[in-house]
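**Q** Structure incoming, see below.
Please treat every number below as a calculation from the coordinates, not as lab data. Predicted, not measured: the structure shown is a model, and the values here were computed from it. We place every Cβ from the backbone using ideal geometry, glycine too, and count neighbours over all the protein chains shown.
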Amino acid sequence: MGNSKFSNFDNMSLQGIDEDSELIPLLTAEDEEEMNSEKLPETLPILPLRNTVLFPGVVIPITAGRDSSIALIKDANNGTKVIGVVSQKDENVENPGINDINTLGTVARILRVLQMPDGNTTVIIQGKKRFEVAEVLTEKPYMTATVREAKEVRPDPLNPEFLAIIESVKELALKIIKDNPNIPSDASFAIKNIQSDSFLINFVSSNLSVDVEIKQELLEIPDLQERALAMLKYMNVELQKLELKNVIQSKVRTDLDQQQREYFLNQQMKTIQEELGGGSYEEEVEEMRNKAKKKKWGKKINEHFLKELSKIQRMNPQVAEYSIQRNYLELFLELPWNDFSKDKFDLKRAQKILDRDHYGLEDVKRRIIEYLAVLKLRNDMKSPILCFYGPPGVGKTSLGKSIAEALGREYVRMSLGGLRDEAEIRGHRKTYIGAMPGRIIQSLKKAGKSNPVFILDEIDKLSNSNQGDPSSAMLEVLDPEQNSEFHDNFLEMGYDLSKVMFVATANNIGNIQPALRDRMEMIPVSGYTIEEKVEIAKRHLLPKQLKEHGLSEKDLKVGKPQLEKVVEGYTRESGVRGLEKQIAKVVRNTAKNIAMELEHDLKLTNEDIVTILGPARMERDKYENNDVAGVVTGLAWTSVGGDILFIESILTKGKGNLTITGNLGKVMKESATIAMEYIKSNCDLFGIDADVFEKYNVHIHVPEGATPKDGPSAGVTMLTSLVSLFTQKKVKKSLAMTGEITLRGKVLPVGGIKEKILAAKRARIKELILCEENRKDILEIKADYLKGLTFHYVTEMHEVVALAITNQKVKNAKKL
């Protein structure tokens, strides 16, 4: 008694605390009679308690943490204020059901609901009478049940035996209060002034220093006299423990030097642990010391660990710092200091694994094999940091998993998307309550080896906040010259990350801090062609979805023509994530037919695809050709891959004003202005009457105005559109172009060529106009991607016009 978590003595009150910290009066005989006469409701909301038992008449404070408990208390406090309180069988169960709670509990009335400064809700409740759960009615948003009263057998208050038991209870309670310095002396005054025998039994039972299971056993005893006798047994045990503790203290209460004092404290802790039936703290420390002898760490780390270990021996286990220090020492023991997995350098096997898991991506796989080859020859090479960047769904993250399997290393993935706290990387200092190591160190502990393949996913989405700049904290992690002594604030020791193979992924490298980008080798992972997507769907996506939906290859067959139709008509992306969703929809349709025993075709046709997925949604750009003068197809790069871009122009009567619409950025608006001024300056070159510029307004529009568009790649497209408009001659069909222009009519090179070519292939474009300086980019692209495409390389704008516009003759360009 007295050390109970919800002890009334510890709270310096007899039954609870109100909002003004005044004592709530003791339960009188009249109160008890009124409480017993109250009618029990037929149904009650049930509040499970983790680590306490409520007895009739007793007032206890509880802290509500679960959402369901907070909702229950809020509803009850606004209503009858009456609830049913039961204890959990296992306090670790987060969302207890009927099988996780004791069926006998206590009806309680809510006295106070307090909002504490830390944000928690504390409720003061008073037990009324015992009840039994008959049937659970609901479990959401909280448990409600029908209940029945559990009668108590009350002995004759004048029975000599019962009177003797009550006197013994009071006598023992007063002795415990006297011998236990943790219980305030006011508690003895409370015991002496309790008039109700039944309340005295319940009050002392509630404050016994015993487990919840024993308190529940006491509550379930219907006869108050038997409950009191059982309670006396536990009170005697507690008194004996207190006397033993006092004997130990009296034996060593002499002039102690430092060694004797430490011995006394350890002996006291050991005795308490042995009395409770558990191991001593000394045993836990000794176990840590034995584990440390098996670790592969250096002398400096070993000395630091032993110093921290001696520190925990001098700590009181009840203080908050003790748990932090123990977590610190356990982290040291669990980290894989100098424990490395052996690399497998079978490059042919590695190539097979990469080819098995990823179709296409030949350049990327070749760079990975090159890296493994160098690692095999050197064997001590500091791991370079590879960064795969490209649109979503192209397989950047899964490449890291394949590398780990090929090397035989552990695989660790850490998502950096939205990370804005520097402590997530470097950890917290041990001075903070709840301090933890950073996620880098935590992941290494989880991996169990010091040289895993470590995926830093979405590194371009690191954020800044008032908690620091995590992207700057990553500089030390990803610098091979620094990360051999990576400093974690919690660990307080340098940890070697140089053997870790870091692989980063990103969608847009422009969002990565320049210094961080400089520490990584950027490897582009572009999109797939239609043919590659079909193969990926056939080899990977369809078998995966069949397995996830409980089907086999015997239940559904989808041919290449059908997969091609899905790719062309229902996806418009560089990766295959959207394609997988469409295939999943097709598989779900078959799963539904099988489950409902409906007739269905084993092999799907194109008509079946349309029936399941609806009309094709992505074919508009294929068939919208340049049928009108002033309409030109351009090529654009986006964060999700390449795309085609239509630019259209019209003339209206006016005074030569230029209007540009379509949610364009500054660069594209400037390109339109340059194109207009170049045409005005060279109108005779294209056979355009100069008067048209004074009599007509020009409007340039880029469709899909809700999508922001910017970048230096639409200059040639805009100029071609304007020449086509002024000459009223159409641009060739199935032709697209990309490039920037100058006022002198020069064509400048642009980036994202591979992504733009893939977009052209998807849109059935046949001819492409590029800057001559982009020829080298075409030579780097796999020949399969270029099949069916004709390339025209230009250096001057008049060459573009001559190639693009049907029957357009351009005079010899004048030298400017």
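**Q** Taking only DSSP H segments of four or more residues, each worth -39500 (n - 2.57), what value at 222 nm results for the chain once the sum is divided by all its residues, to the nearest 500 deg cm²/dmol?
**A** Value at 222 nm, helices only: -12500 deg cm²/dmol.
**Q** Can I ask one more? Return the subset of 294/445; 709/756; 533/754; 396/787; 365/401; 299/445 for which the Cα-Cα distance in this structure is over 19 Å, preserving the input order.
**A** As for pairs spanning more than 19 Å Cα to Cα, those are 396/787; 299/445.
**Q** Multiply the residue separation of residue 522 and residue 302 by 0.36 nm, subtract the distance between their alpha-carbon atoms, and state the gained length in nm to one decimal.
**A** Working it through step by step, the gained length comes to 75.3 nm.
**Q** What is the spread of the Cα atoms of the range 347-519 along each of their three principal axes, largest first, in whole Å?
**A** Principal-axis extents of the Cα atoms in the range 347-519, largest first: 51, 32, 25 Å.
**Q** Can you compute the equivalent ellipsoid semi-axes for the chain, i.e. the square root of 5 times each eigenvalue of the Cα gyration tensor, sorted largest first and rounded to whole Å?
**A** Result for the chain: semi-axes of 76, 35, 26 Å.
**Q** Suppose the chain between residue 367 and residue 601 were pulled fully straight at 0.36 nm per residue; how much longer would it get relative to their current alpha carbon spacing?
**A** 79.8 nm
**Q** With +1 on each Lys and Arg Cβ and -1 on each Asp and Glu Cβ, and nothing else charged, work out how big the dipole of the range 29-149 is about its Cα centre, in Debye to the nearest 20.
**A** 200
**Q** At a 10 Å Cβ-Cβ cut-off, how would you order 786, 613, fewest neighbours first?
**A** So the residues, fewest neighbours to most, are 786, 613.
**Q** For the Cα atoms of the chain, what angle does the longest principal axis make with the long axis of helix 160-179, in degrees from 0 to 90, nearest 10?
**A** 60
**Q** With axes computed from alpha carbons, what is the tilt in degrees of helix 299-313 against the longest principal axis of the chain, rounded to the nearest 10 within 0 to 90?
**A** So the helix axis and the longest Cα principal axis differ by about 40 degrees.
**Q** Taking 60 Å as R0, compute the FRET efficiency from the Cβ-Cβ separation of residue 617 and residue 211 and round it to 0.05.
**A** 0.40
**Q** Please give every one of the lysines within straight-line cross-link reach of residue 695, meaning a C-alpha to C-alpha distance under 21 Å, and leave out same-chain neighbours fewer than 8 residues apart.
**A** 653, 655, 680, 729
**Q** How do 771, 387 line up, fewest other C-beta atoms within 10 Å first?
**A** 771, 387
**Q** Given a Förster distance of 56 angstrom, what is the FRET efficiency for residue 487 paired with residue 244, based on the Cβ-Cβ distance and rounded to 0.05?
**A** Efficiency, rounded to the nearest 0.05: 0.70.
**Q** Nearest 10 degrees, 0 to 90: what angle lies between the long axis of helix 320-334 and the longest principal axis of the chain (Cα atoms)?
**A** Taking the Cα atoms of the chain, the angle to 320-334 is about 50 degrees.
**Q** Hey, what did the chain get for relative contact order, percent, Cα under 8 Å, at least 6 apart?
**A** So the answer I get is 7 percent.
**Q** Still on this structure, please answer the following. If the cut-off is a Cα-Cα distance under 29 Å, which lysines reach residue 178, setting aside same-chain residues fewer than 8 apart in sequence?
**A** 5, 170, 192, 215, 233, 241, 245, 251, 270
**Q** For residue 51, project a label point 7 Å along Cα to C-beta. Then give me every residue of the range 213-246 with its amide nitrogen under 19 Å of that point.
**A** 213-217
**Q** Over the alpha-carbon set of the range 29-149, work out the extent along each principal axis and list the three values in angstrom, largest first.
**A** Cα extents, longest axis first: 38, 34, 24 Å.
**Q** If you find the alpha carbon centre of the range 81-112 and of the range 519-590, how far apart are they in angstrom?
**A** A separation of 51 Å, based on Cα centres.
**Q** Here is a follow-up. Suppose each label sits 7 Å from its Cα in the direction of the beta carbon; what would the residue 116-residue 593 distance come out to in nanometres?
**A** Each label point lies 7 Å from its Cα, and together they span 6.0 nm.
**Q** Order these by the 10 Å Cβ neighbour count, fewest first: 716, 698.
**A** So the residues, fewest neighbours to most, are 698, 716.
**Q** Per residue, what volume in Å³ does the convex hull of the Cα atoms of the range 623-804 enclose?
**A** Normalising the Cα hull of the range 623-804 by residue number yields 102 Å³.
**Q** How much length is gained on full extension from residue 681 to residue 795, taking 0.36 nm per residue of separation minus their Cα-Cα distance?
**A** Residue separation times 0.36 nm, minus the Cα-Cα distance, leaves 39.2 nm.
**Q** What distance in nm separates the two pseudo spin-label positions at residue 340 and residue 161, each 7 Å out from Cα along the beta-carbon direction?
**A** Reported label-point gap for residue 340 and residue 161 is 7.9 nm.
**Q** Which whole-percent values make up P(r) of the range 329-439 when all C-alpha to C-alpha distances are grouped in 10 Å steps starting at zero?
**A** Result returned by the calculation: 11, 34, 29, 20, 5, 0.
**Q** 7 Å from Cα along Cα→Cβ at both residue 397 and residue 179: what's the point-to-point distance in nm?
**A** For residue 397 paired with residue 179, the spin-label model returns 6.1 nm.
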